[in-house]
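> Starting off with a structure, shown below.
The values are calculated or read from the model by the stated rules, or taken from the named source; none is laboratory data. Source: prediction; values computed, not measured. A quick note on method: Cβ atoms are made from the backbone with ideal geometry, for glycine too, and the neighbour counts reach across all protein chains shown.
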Amino acid sequence: MRHGDKINNLGRKKAHREALLSNLASQLIVHKRIVTTLAKAKALRTYVEPLITKTKKGDSKETISHQHRVVFSYLQDKAATKELFTVVAPKILSRPGGYTRIIKLGIRPGDNAEKAMIELVDFNEIYTKGSSKPAEATKKTRRSGGKKKATTAKAETETTTTESATEETKTEE
């Protein structure tokens, strides 16, 4: 029985699976999107998203260099680690999670395997509408409507005061 066994072994031993995911993750970071099988893409998502989250942690130099070492221990690729911290991290700074997107592409003719494209969400120009500015850090909150109501109420009071001011000027004339 496989109760509670959530990891997809991908038909490989542990060392082979970790090497595969490390290579896929470094290629995803360098190229921003890769095409692979759906099972590998889903396994890669659970492997690479915590690594991307690690780039956001830390404000001191010691913490940042420690996160570099931790990420490098997973990726084993200096170029990918540098790319992750210098190019990817500033773009995903305000995103609370969900850094990757999986798009199904159909089946592969040779072995009928289901193909998928996995990509970094903030690097797709079609969906991001060309905003290439690095994101600014925002305060994380779980509330969904507090600020909207306050800004809406403030805007309504401003419009009513401007309307009353224009009415007063009309009556004075």
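> Just one of the numbered conditions (1) on the phi < 0 side of the Ramachandran plot; (2) touching a helix residue (DSSP H, G or I) at 6+ places or on another chain (Cβ under 8 Å); (3) of a type in the set (D, E, K, R) is not true of ARG108; which one?
The one condition ARG108 does not meet is (2).
> Could you pull out the residue among THR86, THR37, THR55 that is under 24 Å from GLU125 (Cβ atoms), out of contact with any Gly (no Cβ under 6 Å at 6 or more places or on another chain) and either touching a residue at least 24 places away in the same chain (Cβ under 8 Å) or of a type in the set (Gly, Ala, Ser) (or both)?
THR55
> Which helices (runs of 4 or more DSSP H) does region 33-134 wholly contain that include 1 or more residues that are at pLDDT 95 or above?
Where helices (runs of 4 or more DSSP H) fall fully within region 33-134 and carry at least 1 residues being at pLDDT 95 or above, they are 38-54, 61-75, 78-83.
> Moving to a separate point now. Those residues that are touching a residue at least 40 places away in the same chain (Cβ under 8 Å) and more than 22 Å from ALA15 (Cβ to Cβ), I need them from region 58-83; list them, please.
ALA79, GLU83
> While we're looking at this one, here's another question. Could you identify the single residue in GLY11, GLY58 that is farther than 25 Å from GLY106 by Cα, of a type outside the set (A, V, I, L, M) and either crowded, with 17+ Cβ neighbours inside 10 Å or more than 17 Å from the chain's Cα centre (by Cα) (or both)? Outline the logic, then answer.
On the way: GLY11 fails: farther than 25 Å from GLY106 by Cα.
Residue meeting the stated conditions: GLY58.
> Further question on the same structure: May I ask you to list the residues in region 3-32 that are small (Gly, Ala, Ser) and either in a helix (DSSP H, G or I) or in contact (Cβ under 8 Å) with a residue 12 or more places away in the chain (or both)?
Result: ALA15, ALA19, SER22, ALA25, SER26.
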